[in-house]
Each structure stands twice: as structure tokens, then as C-alpha cells.
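The values are calculated or read from the model by the stated rules, or taken from the named source; none is laboratory data. If you're wondering where the values come from, they're calculated on a predicted model, not measured in any experiment. Because the Cβ atoms are built from the backbone with ideal geometry, glycine has one as well, and the counts that use them run over all protein chains shown.
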Amino acid sequence: MLLWLCFIVTHPAKIVEMSTSKTGKHGSAKCHLIGLDIFTGKKIEGLFGSTDDVTLPDLDKVDMLVRVVSCLACVSCVSCARVRCC
């Protein structure tokens with residue numbers, strides 16, 4: 001499965017729908033992107049020129065082991081790269 005990610009209105013989003021419009025009399029074609037914020041899941045829409053550069057997020061997935069959850073909602077984690085995970 002190919003996953004398309006880009007920034008839409010300063011939010012990293014997974015693209016779920018894309019449509020393009022034709023060139024008009026006084027302008028270039030536009031791309032309408034609809035995506036889901038990768039952190040909140042909210043729907044985000046953006047309109048870009050077809051020749052515009054789109055910023056891509058640089059993300060790394062890291063597996064962590066939760067060690068402590070305090071009453072103040074602070075979470076202490078340990079990287080699974082340093083700890084043997086079962």
C-alpha cells in the first residue's frame with residue numbers, strides 16, 4: 001500500500017482524495033487535496049497550484065515501551081531499541 005503524506009495548512013496529513021481543475025482563461029490548473037491529519041484524524045482541505053511545491057513531512061516511526069503514567073498525564077517511555085521487548 002502506497003501512503004501519500006504532505007502538509008496541508010501546516011498539518012501533516014494522509015491524502016485520501018485529490019481532484020484537479022482545468023486551466024482557466026487567466027490562470028493555471030489547481031489541485032484540491034483532502035487529507036486526514038495524522039495526529040488527530042480531522043479532515044483537512046487544501047487548494048494548491050498544479051505547479052506549486054508541496055512540503056512533505058519527515059517522519060520516523062519509533063516503537064516505545066510505556067514505563068510510567070503519572071496522575072498529571074505525564075508518560076515515561078523507554079525506546080524498544082535499547083530494551084528487549086517481548
May I ask you to list the residues in the stretch 1-57 that are on the phi > 0 side of the Ramachandran plot and in contact with a strand residue (DSSP E or B) (Cβ under 7 Å, 6 or more places away or on another chain)?
VAL9
Cβ-Cβ under 9 Å pairs, at least 6 apart or on other chains, the stretch 61-75 side of a type outside the set (Asp, Glu), far side in a loop (DSSP other than H, G, I, E, B)
VAL62/CYS80; VAL62/ALA81; MET64/CYS80; LEU65/CYS80; LEU65/VAL83; LEU65/CYS85; VAL68/CYS74
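Is it the case that the stretch 58-77 has a residue that's at pLDDT 80 or above and either within 26 Å of THR20 (Cα to Cα) or out of contact with any strand residue (DSSP E or B) (no Cβ under 6 Å at 6 or more places or on another chain) (or both)? Before you say what the answer is, go through the steps one by one.
Of all residues in the stretch 58-77, those at pLDDT 80 or above come to 58.
Then keep just the ones that are either within 26 Å of THR20 (Cα to Cα) or out of contact with any strand residue (DSSP E or B) (no Cβ under 6 Å at 6 or more places or on another chain) (or both); that gives 58.
Among the residues of the stretch 58-77, at least one is at pLDDT 80 or above and either within 26 Å of THR20 (Cα to Cα) or out of contact with any strand residue (DSSP E or B) (no Cβ under 6 Å at 6 or more places or on another chain) (or both), which makes the answer yes.
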Which members of the stretch 8-66 meet the condition of being acidic (Asp, Glu), over 30 Å from SER76 (Cβ atoms) and surrounded by 14 or more Cβ atoms within 10 Å (Cβ to Cβ)?
none
